[in-house]
Amino acid sequence: MKARSPLFLAIKKGWIELSNLLIAYGATVIAPPFMIAEMLCTLGQANDLERIKLLHKGGCNLDTADYDSRTIGHLAACEGHMGILEFLV
């Protein structure tokens, strides 16, 4: 299994308070690009702007694409999630 940071895991589990605490102490998102892309696409499709913002604050590249070259913007647009698209712009 590839290395994943505590912040990546906290955001993945939806532990918002812990994620904010880790960010406040300088933690960053570390995970293989395919794992980051998978989480971003899932959050974009689910309209989970709160966790997307946490990934951004943790230094995550929001342009990371999945195996089909889809990004969070693609999935948010397909689902009509304007809030995520406005945040990305």
What list of ³J(HN,Hα) couplings, whole Hz, do you get for the stretch 10-19 from phi and the Karplus terms 6.51, -1.76, 1.60, once you set θ to phi - 60° and write x for glycine and proline? 5, 5, 4, 7, x, 7, 5, 4, 5, 4
Please compute the per residue accessible area over the chain with all protein chains in place, 1.4 Å probe, rounded to a whole number of Å². 61 Å²
Counting pairs of alpha carbon atoms under 8 Å apart in space and at least six apart in sequence, what relative contact order in percent does the chain give? 28 percent
Can you list the chymotrypsin sites (Phe, Trp or Tyr not before Pro) in the stretch 6-65 that are in a DSSP coil and have 12 or fewer other beta carbons within 10 angstrom? 25
Quick one, what does Rg over Rh come out to for the stretch 19-89 if you take C-alpha atoms and the Kirkwood Rh? 0.97
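The values are calculated or read from the model by the stated rules, or taken from the named source; none is laboratory data. These numbers come from a predicted model, not from an experiment. Cβ sites come from the backbone with ideal geometry, for glycine too, and all protein chains shown count toward neighbours. All accessible areas refer to the heavy atoms of the entire protein, side chains included, with ligands and DNA or RNA removed. Shrake-Rupley method; radii C 1.70, N 1.55, O 1.52, S 1.80 Å.
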